[in-house]
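Trainee: Before we start, here is the structure in question, set down as structure tokens.
The values are calculated or read from the model by the stated rules, or taken from the named source; none is laboratory data. What you see is a predicted model, and the numbers here were worked out from it, not measured in a lab. Heads up, the Cβs are rebuilt from the backbone with ideal geometry, glycines too, and the neighbour counts pull from every protein chain shown. These accessible areas exclude ligands, DNA and RNA; they are computed on the full protein's heavy atoms, side chains included. Shrake-Rupley method; radii C 1.70, N 1.55, O 1.52, S 1.80 Å.
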Amino acid sequence: MEDLTLRHPAELRLEDLEKRFGATAAVDRLNLLAEAGSLVALLGPSGCGKTTTLRMIAGFERPDHGRIVVASRDITGLPPHRRALGMVFQNYSLFPHKTVGENIAFGLRMSGMNRADRDEEVRRMLNLVQLSGYADRYPSQLSGGQQQRIALARSLVPNPRVLLLDEPLGALDKGLRESMQFELRSMQQRFGITTVLVTHDQEEALSMSDRIAVMSKGRILQIGSATEIYDRPATRFVAEFLGASNIFEGRPVDGEAGTQIEIEGSNGSIICIEAPIARSADDRIVLSVRPERVLIGPAAEMLSNRLQAKVLSAAFRGTYAAYQLHVPALGREIYAYRQADGPLGALAFRAGDHLVAGWRTNDSVVVEEDT
Ligand SMILES: Nc1ncnc2c1ncn2[C@@H]1O[C@H](COP(=O)(O)OP(=O)(O)O)[C@@H](O)[C@H]1O
Ligand SMILES: [Mg+2]
């Protein structure tokens, strides 16, 4: 196999980056470090500023404030073509009337490389994306996944220092998207190229990234590895956007064992649950409990955090069962995901069943309320 590793992977830093459109800040004093050779995902809902951030890095949008630094060099003022960046978008943006080979060689021709060298480079890139022999086809003769690989090959031709991917797999259907996730990631690692991936798909971010930056309203709320962010979400938004969460909000009271939260239940009652902190000075605490941490039935009966509940609905989801439970004392629903036990498709509980639901205190996380 050819050695494709870049000799000098570059670190990318965004410092206090800001972009306003009229009164609203699309990107609001954003700071980010992508270590050399790593893949960082910008993950957030539509409109949170991901594409604007990427366009500023690429040079298509001028920041109102802040700096973009690649390998210690400030590139904020450089035109796009002098930034040594590769870009891939959701819609591939291949030239439809050029062959695959001409698409890949386009930038090389512009830079004045001779024919033989161009052909050699096209061959090398097609080999890299496992489409050797496709040089004379047209984009319309390729599947979506193949077109996206060609777009990737084209973006890597000029030997960029940083690769920018904006929802690159968004147009593909689920099965293909998953295999392309593995493929893109393995190419990124073989190439050793610093990459920023923009996505609103949490699974894509979780499975492809070294680090994930969760964005909301132009800001990064939390940045960390997939497991750090999933297991230790910092804010309520992060807990609910990345995976599902049961959120409990209440007033802390210091008890013998530590802090407990008093939650106002239905018809004026007070429900007490334990928080995984020793003491609290705040006047409100927000707790997040992942549905897969909620135990139900006999497994929950010995827990100190337990609630009487009634199954509203039970859904078989292949590798697990999802239960929607009504908790009368709280006048609300909570969710529990359990691995399917027994024969596939068999649900341990059904709608209408009464059961106990609970969780270990250490399986809950204190999160901040988003501002
Ligand atoms: N050229 C523009 N003119 C005015 N508003 C824009 C422009 N580009 C983006 N916006 C606004 O900036 C915000 C962030 O947009 P964008 O970066 O595209 O978000 P995302 O990629 O996360 O969906 C949105 O509110 C969007 O409407
Ligand atoms: Mg976008």
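Trainee: For region 218-234, indicate whether the set of residues that are within 16 Å of ligand 2 (Cβ to nearest atom) and open to solvent by less than 30 Å² (accessible area, probe 1.4 Å) is non-empty.
Mentor: Within region 218-234, one or more residues are within 16 Å of ligand 2 (Cβ to nearest atom) and open to solvent by less than 30 Å² (accessible area, probe 1.4 Å).
Trainee: Considering only region 274-288, I want to know if a residue exists there that is within 17 Å of Val327 (Cα to Cα) and surrounded by fewer than 19 Cβ atoms within 10 Å (Cβ to Cβ).
Mentor: no
Trainee: Right, here's the next one. For a quick check of your reading of the model, give me the residue pairs whose first member lies in region 41-59 and is among the basic types (Lys, Arg), whose second is near ligand 2 (Cβ under 9 Å from one of its atoms), with beta-carbon atoms closer than 6 Å and at least 6 apart or on different chains.
Mentor: Pairs found: Lys50/Val198.
Trainee: Any residue at all in region 84-92 that's within 16 Å of ligand 1 (Cβ to nearest atom), among the small types (Gly, Ala, Ser) and under 16 Å from Leu197 (Cβ atoms)? Don't jump to the end; show me each part of the working.
Mentor: Keep residues of region 84-92 that are within 16 Å of ligand 1 (Cβ to nearest atom), which gives 87-91.
After this cut, where a residue has to be among the small types (Gly, Ala, Ser) as well, the list is none.
Taking every residue of region 84-92 in turn, none turns out to be within 16 Å of ligand 1 (Cβ to nearest atom), among the small types (Gly, Ala, Ser) and under 16 Å from Leu197 (Cβ atoms).
Matching residues to (1) of a type outside the set (Lys, Arg); (2) within 24 Å of the chain's Cα centre (by Cα); (3) away from ligand 1 (no atom under 16 Å from the Cβ):
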| residue | (1), (2), (3) |
| --- | --- |
| Asp64 | yes, no, no |
| Pro96 | yes, no, yes |
| Gly107 | yes, no, yes |
| Leu126 | yes, no, yes |
| Leu152 | yes, yes, yes |
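Trainee: Looking at (1) touching a residue at least 24 places away in the same chain (Cβ under 8 Å); (2) assigned to a loop (DSSP other than H, G, I, E, B); (3) surrounded by fewer than 18 Cβ atoms within 10 Å (Cβ to Cβ); (4) not charged (D, E, K, R), which is the one condition that is false for Leu131?
Mentor: The number of the failed condition is (3).
Trainee: Would you list the helices (runs of 4 or more DSSP H) that sit entirely within region 158-254 and hold 2 or more residues that are under 30 Å from Asp282 (Cα atoms)?
Mentor: 226-231, 236-241
Trainee: In region 357-371, how many are in contact with a Leu (Cβ under 7 Å, 6 or more places away or on another chain) and under 15 Å from Met302 (Cα atoms)?
Mentor: 4
Trainee: What residue, of Phe95, Phe89, is open to solvent by 40 Å² or more (accessible area, probe 1.4 Å), within 16 Å of ligand 2 (Cβ to nearest atom), closer than 29 Å to Met180 by Cα and of a type in the set (Phe, Trp, Tyr)?
Mentor: Values: Phe95 fails: within 16 Å of ligand 2 (Cβ to nearest atom).
Unique residue meeting the criteria: Phe89.
Trainee: Quick check on region 41-56. Is at least one of its residues over 24 Å from Ala239 (Cα atoms), away from ligand 1 (no atom under 12 Å from the Cβ), in contact with a Leu (Cβ under 7 Å, 6 or more places away or on another chain) and not β-branched (Val, Ile, Thr)?
Mentor: No, there is no match, as no residue in region 41-56 is over 24 Å from Ala239 (Cα atoms), away from ligand 1 (no atom under 12 Å from the Cβ), in contact with a Leu (Cβ under 7 Å, 6 or more places away or on another chain) and not β-branched (Val, Ile, Thr).
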